[in-house]
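Here is the structure we will look at, set down as structure tokens.
The values are calculated or read from the model by the stated rules, or taken from the named source; none is laboratory data. Not measured: the values here are computed from a predicted model. Heads up, the Cβs are rebuilt from the backbone with ideal geometry, glycines too, and the neighbour counts pull from every protein chain shown.
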């Protein structure tokens, strides 16, 4: 039996040695600077960057400000009143994304004529009250959008309930937030 194990052990040793040699050869090839004519200039540039970083102290660079979307998302809760949600969003510096087609989305393609005859209908006045409103469906779901000047994202939220109760707060509000997401802004 010892004779059978010895050839296997020998093969494993040779395999391990081959793998180690291949690994070392790969590392040496990656470190080859003969093909990089400006390698010395790159080292000098890096030392300049390191010097700048060391003089900055503990402050993060301006480009590393936390995204306002990250701060905001942690405060949302499914089922929260839209009035509470809106107050929180606007309080954090987010602004409504106005959809010029909002009234047509709610009252129909002939919204101007229809709303001239029916100005008290919620579908005719809600877009002025909630400039972030994009549309509402027949099954009581509404889409709203906000943007922040320091974020590359647009906040899109879905509310469920009667849109005329948008300003109610607390657990029993007639319009509640059912979901939200941050999507990449097409304008940035």
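Results for (1) at pLDDT 95 or above; (2) touching a helix residue (DSSP H, G or I) at 6+ places or on another chain (Cβ under 7 Å); (3) within 13 Å of residue 86 (Cα to Cα), shown as yes or no for each residue.
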| residue | (1), (2), (3) |
| --- | --- |
| 147 | yes, no, yes |
| 151 | no, yes, no |
| 156 | yes, no, yes |
| 160 | yes, no, no |
| 166 | yes, yes, yes |
| 177 | yes, yes, yes |
| 180 | yes, no, yes |
| 184 | no, no, no |
| 187 | no, no, no |
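May I ask you to verify whether residue 85 is more than 21 Å from the chain's Cα centre (by Cα) and either touching a residue at least 60 places away in the same chain (Cβ under 8 Å) or farther than 20 Å from residue 180 by Cα (or both)? Taking the combined requirement at face value, the residue does not satisfy it.
Here's the yes/no breakdown for (1) over 20 Å from residue 82 (Cα atoms); (2) under 29 Å from the mean Cα position of the chain (by Cα); (3) not in a helix (DSSP H, G or I):
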position	(1), (2), (3)
99	no, yes, yes
106	no, yes, no
109	yes, no, yes
114	yes, no, no
127	no, yes, no
135	no, yes, yes
